[in-house]
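The values are calculated or read from the model by the stated rules, or taken from the named source; none is laboratory data. Note that the structure is predicted; figures quoted are calculated from it, not measured. With ligands, DNA and RNA removed, areas are computed over all heavy atoms of the protein, side chains included. Shrake-Rupley method; radii C 1.70, N 1.55, O 1.52, S 1.80 Å.
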Amino acid sequence: YVQKNVGITNDTVKLMDILNGKSNILLKVDIDNAEYSVFNRVNLSNVTCLLIEMHDVHMEHIRERITEIFNEELDKFILFHAHGNNWGGTFTLENFELPKVMEFSFINKKFVTEYKLDINKFPLPNIDLPNNPGVAELNHNWINNFVI
């Protein structure tokens, strides 16, 4: 575990400087609206597991960027879990109420020999919890209706 002030200014360290020479990395990205720039700067080849929170999903250009990231940057990963963050609110898309902030969990395909589409209903009991405990958990029944 390494906790650093990551950034591009003089008083921060670059993420690539931390990751260089490392393998089997679990990379957690929770950097409130700067997460999309990670994909322009980070080589994910040594990342085993990627946990990332993506903001502003309600904005069409952000959804386009997420689709691009999933198709190009994360093509060597499997999405194994998704959760809507109830702090950010919701929006309507194709008659579904969706979260504006999503949390995605990926595993590198080189560590998986077999996988199939999970058809469970989300959120998963005893696994998913509301990010804001004072607000009800979001309905996630839409997850299996979208393929990114």
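For the chain, the share of accessible area belonging to carbon and sulfur comes to 51 percent (1.4 Å probe, ligands and nucleic acids excluded).
Per-residue Karplus couplings for segment 82-93, computed as 6.51 cos²θ - 1.76 cosθ + 1.60 with θ equal to phi - 60°, are listed in order as 9, 8, x, 7, 7, 6, x, x, 10, 8, 9, 9 Hz, Gly and Pro entered as x. Residues whose amide H lies under 5 Å from that of Val13, counting only those 5 or more places away or on a different chain, are Asn5, Val6, Gly7; hydrogens are built 1.01 Å from N in the peptide plane. For Val29, the residues 5 or more places off, or on other chains, whose built amide H falls under 5 Å of its own are Leu51, Ile52, Glu53.
Using θ = phi - 60° in the Karplus curve 6.51 cos²θ - 1.76 cosθ + 1.60, the 3J(HN,Hα) couplings for segment 33-46 round to 6, 9, 4, 5, 6, 4, 6, 7, 10, 10, 8, 8, 4, 9 Hz; x is entered for Gly and Pro. Accessible surface area normalised per residue over the chain is 66 Å², counting heavy atoms of protein chains with a 1.4 Å rolling probe.
With 26 Å as the limit, the listed pairs Lys28/Lys116; Lys22/Lys121; Lys4/Lys116 have Lys22/Lys121; Lys4/Lys116 beyond it between alpha carbons.
With contributions of -39500 (n - 2.57) from each DSSP H run of at least four residues, the per-residue ellipticity at 222 nm computed over the chain stands at -3500 deg cm²/dmol.
Note on Lys28 and Asp75: the extension gain reaches 15.1 nm, defined as 0.36 nm multiplied by sequence separation minus the Cα-Cα distance. At full extension, Asn40 and Leu93 could sit 16.3 nm farther apart than now, given 0.36 nm per residue minus the alpha carbon distance.
Close amide H contacts of Phe91 (hydrogens built in the peptide plane, cut-off under 5 Å, sequence separation of 5 or more or a different chain): Leu98, Lys100.
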